[in-house]
1. Show me the chymotrypsin sites (Phe, Trp or Tyr not before Pro) within region 1-50 that DSSP assigns to loop and that have at most 15 other Cβ atoms within 10 Å of their Cβ.
2. Just subtract the alpha-carbon distance of R8 and C46 from 0.36 nm times their residue separation and send over the number in nm, one decimal.
3. Give me, ordered by chain and number, the residues 5 or more places off G58 or on other chains with an amide H under 5 Å from its own placed amide H.
4. Under 10 Å, Cα contacts only: if you run a Gaussian network model on the chain, which one of G86, G58, G117 comes out with the highest mean-square fluctuation?
5. What number comes out for the charge environment of G91, summing +1 per Lys or Arg and -1 per Asp or Glu over other residues with Cβ under 11 Å away?
6. Given the options D22, D112, D30, state which has the largest fluctuation in a GNM of the chain using a 10 Å cut-off (strictly under) for Cα springs.
7. Report, as a whole number in µm² per second, the diffusion coefficient that Stokes-Einstein gives for the chain at 37 °C and 0.692 mPa s using the Kirkwood radius over alpha carbon pairs.
8. Just to confirm the filter: which GluC sites (Glu not before Pro) across region 26-93 are DSSP coil and have at most 16 other Cβ within 10 angstrom of their Cβ?
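Taken together, the values in this text are just the output of simple stated rules run on the coordinates, not laboratory data. As the structure is a computational prediction, the values presented were derived from the model and not from experiment. In this analysis, Cβ positions are derived from the backbone assuming ideal geometry, glycine residues included, and neighbour counts consider all displayed protein chains.
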Amino acid sequence: MAFEGLTRDIQSAPFFDAAARDILLVKRCDACGHVCNFEKYTCTVCCSGELSVTEAVGTGTIETWTATALSKDFTAVVAIVELDEGPWIIGRVSGLGSDELSHGMRVAVEFDRIGSGEPVPIFVRSPTERPTAG
Ligand SMILES: [Zn+2]
């Protein structure tokens, strides 16, 4: 099974242009200050449609995760990460096995392309996260 990767449209183009520069975009509500995922058009707290695009710091904590064997040689670890700004996003975890993850573990966003698709957020161990003893 081949996965073709993501393609852009006019709404997602700014997100992918930023991702190509290793920047994760989110949106901040001009009315209440709540931060939403980029794909939102209205604030998830106050329903205002006045959202400004802003850059996320690019770090967060793992909420939960799962591992799926995509082939006999590759198991994808996918996590829901709470960004430091608040939104939860889903992304593959790179360089860590599912048995190395824990709730609240610090991770940092990087970007990866599948085939010729657009760069998508993935997560790696945060440079500030120290391996646990044992
Ligand atoms: Zn709001």
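1. Here the sparse-neighbourhood loop sites are F3, Y41.
2. Gain on extension, R8 to C46, equals 10.9 nm.
3. Close amide H contacts, sequence-distant or interchain: D84.
4. Highest fluctuation among the options: G117.
5. -1
6. Comparing D22, D112, D30 in the GNM, the peak value goes to D30.
7. In µm²/s, the coefficient rounds to 207.
8. E39, E50
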